[in-house]
1. Relative contact order of the chain: what whole-number percent is it, with Cα pairs under 8 angstrom and at least 6 residues apart?
2. Would you compute, from DSSP H runs of 4+ residues alone, the mean residue ellipticity of the chain at 222 nm, taking -39500 (n - 2.57) per run and dividing by the full residue count, rounded to the nearest 500?
3. Modelled label-to-label distance, residue 217 and residue 159, 7 Å Cα→beta-carbon offset: nm?
4. Determine, for 163, 59, the number of other Cβ atoms within 10 Å of each Cβ, and report the residues in order from fewest to most.
5. Grab the beta carbon distance between residue 232 and residue 107, set R0 = 45 Å, and tell me the FRET efficiency rounded to 0.05.
6. Rounding to the nearest 10 and keeping the result within 0 to 90°, find how far the Cα-based axis of helix 135-150 lies from the longest principal axis of the chain.
7. Which residue, 16, 47, 89, tops the fluctuation ranking in a GNM of the chain built on C-alpha contacts under 10 Å?
8. Using alpha-carbon positions, what is the distance between the centroids of the range 87-127 and the range 149-210, in Å?
Ligand SMILES: Cc1cc2nc3c(=O)[nH]c(=O)nc-3n(C[C@H](O)[C@H](O)[C@H](O)COP(=O)(O)OP(=O)(O)OC[C@H]3O[C@@H](n4cnc5c(N)ncnc54)[C@H](O)[C@@H]3O)c2cc1C
């Protein structure tokens with residue numbers, strides 16, 4: 001919602017958009033978990049899995065967008081954060097791979113920027129299985145790999161802080177987009193505004209910087225600039 005006086009945007013958190021009704025020529029109706037809005041135009045920035053699962057209903061439907069989103073699905077990566085009890089037990093700001101032979105392994109940042117934590121990064125099937133098993137199972141997996149690399153004493157220094165679960169978050173549904181074979185041009189299809197009133201942004205809309213935070217940012221700025229032109 002852009003205020004007419006050009007002041008800062010009011011941001012409402014914990015509010016899910018459920019439906020975008022663009023039947024009327026003079027406004028777009030947005031139904032949310034906290035009520036309804038009438039706006040001139042909207043920028044949709046949800047992840048492709050959210051669009052593909054039709055968690056937001058467009059009325060009339062936008063099958064071209066749903067198809068594009070379905071063919072630009074999200075892969076899965078998850079992170080584990082462990083607290084280090086005695087920081088000097090581990091090398092400062094270093095990196096290690098859990099295994100050079102196994103496909104199912106993690107990458108570890110040890111005491112990044114001097115913080116007393118170890119960050120584990122897991123991708124693909126392993127990220128999926130660890131998410132399914134829950135934080136304790138992920139912690140045991142990380143601990144086993146770190147003990148193998150650094151010696152079993154290290155186990156006494158580490159405790160679980162948290163483990164992400166991006167795949168099962170209903171508002172995300174994965175980590176970052178990849179193009180199915182032959183679908184990379186659909187990033188452009190997804191990014192094209194509908195009727196100059198429904199704009200799309202987010203990492204999957206970026207043709208060159210997809211899967212990244214800066215790709216998400218660029219496409220958001222571009223969509224906002226396009227929107228401003230149409231309502232000026
Ligand atoms: C483990 C991991 C590591 C990563 N590492 C890097 C990295 O090193 N560098 C990098 O550049 N990128 C990295 N990324 C990718 C980066 O985080 C994403 O590309 C970026 O966050 C995508 O931003 P987005 O705005 O497109 O989508 P999102 O971040 O998914 O934002 C969409 C927002 O829409 C909200 N939403 C969903 N449904 C609704 C609804 N119905 N109503 C209202 N709001 C809704 C969601 O809650 C969410 O806040 C990483 C991602 C992961 C998971």
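1. Answer for the chain is 21 percent.
2. -8500 deg cm²/dmol
3. 3.5 nm
4. On the way: 163 23, 59 12.
In order of increasing Cβ crowding within 10 Å: 59, 163.
5. Values: r = 47 Å, r/R0 = 1.04.
Once the sixth-power term is evaluated, E becomes 0.45.
6. 50 degrees
7. Greatest mean-square fluctuation among the candidates belongs to 89.
8. 20 Å
Each reported figure results from applying straightforward, stated rules to the coordinates on display, with no laboratory input. Please read all numbers here as calculations on a predicted model, not as lab measurements. We place every Cβ from the backbone using ideal geometry, glycine too, and count neighbours over all the protein chains shown.
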